[in-house]
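Shown next, in structure tokens, is the structure this report addresses.
Every number here is computed from the coordinates shown, using simple stated rules; none is lab data. Computed from a predicted structure; not experimentally measured. No Cβ is skipped: glycine too gets one built from the backbone with ideal geometry, and neighbour counts run over all protein chains shown.
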Amino acid sequence: MVPPIKAAKAIVIILLPVITFHLLVLTGIIPYTIVWGGRLQTQSEMLRFETVSIAINLLMVMLAAVRANWLRLALRPVLVQVGLWLMAGLFLLNTLGNLFSTNRWEQVVFTPLTLVLALLSFWAAKGAPKAKPAAIN
């Protein structure tokens, strides 16, 4: 098991290049046929899916950065913890999707990557701090 703060730091370090990858797909430098299970048919579909993907990844970076103590936001610890659990579930589902992708590159590269992110998210969420109890006077 990886300590929660180290797991959160690893998530940020991994997701930043993932966001860069999605930006390269969005700009057309990387063909969109190798993402989303090879199922995107049009440029318009790619723009929608990649924009949503980048937004979700940025949100996940923010949550992980808060958990890693790299970013200070006025978020309740329970919200960060729930977000990390949701990330673990999303990455686990994404791992299954990548495993059954029609694109071999997506199967070979992104299946293990999303599995690692699922595990890291699980470890970061499992150790997330609970809300402090109210003081008794």
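Sort through 74, 65 and tell me the only one that's in contact (Cβ under 8 Å) with a residue 24 or more places away in the chain and among the small types (Gly, Ala, Ser).
The conditions single out 65.
State whether the residues of region 35-58 include one that is in contact (Cβ under 8 Å) with a residue 40 or more places away in the chain and hydrophobic (A, V, I, L, M, F, W, C).
yes
Is there a residue in region 4-23 that is on the phi > 0 side of the Ramachandran plot, in contact (Cβ under 8 Å) with a residue 12 or more places away in the chain and in contact with a Gly (Cβ under 7 Å, 6 or more places away or on another chain)?
For region 4-23, residues on the phi > 0 side of the Ramachandran plot, in contact (Cβ under 8 Å) with a residue 12 or more places away in the chain and in contact with a Gly (Cβ under 7 Å, 6 or more places away or on another chain): absent.
When region 111-123 is examined, which residues are found to be under 12 Å from the mean Cα position of the chain (by Cα) and aromatic (Phe, Trp, Tyr)?
Scanning region 111-123 gives a single hit, 122.
Before we move on, is residue 82 out of contact with any Phe, Trp or Tyr (no Cβ under 8 Å at 6 or more places or on another chain) and either among the polar types (S, T, N, Q) or farther than 12 Å from residue 8 by Cα (or both)?
So residue 82 fits the description; yes.
Could you check region 98-121 and list, in sequence order, the residues that are touching a residue at least 60 places away in the same chain (Cβ under 8 Å) and in contact with a helix residue (DSSP H, G or I) (Cβ under 6 Å, 6 or more places away or on another chain)?
Listed by number, the residues that qualify are 98, 101, 102, 103, 105, 106, 117, 120, 121.
Looking at region 8-61, which of its residues are small (Gly, Ala, Ser) and more than 20 Å from residue 112 (Cα to Cα)?
Passing the criteria: 28, 44, 55.
If you check 14, 54, 5, which single one turns out to be farther than 21 Å from residue 107 by Cβ, of a type in the set (A, V, I, L, M, F, W, C) and under 11 Å from the mean Cα position of the chain (by Cα)?
Of 14, 54, 5, the one residue that is farther than 21 Å from residue 107 by Cβ, of a type in the set (A, V, I, L, M, F, W, C) and under 11 Å from the mean Cα position of the chain (by Cα) is 54.
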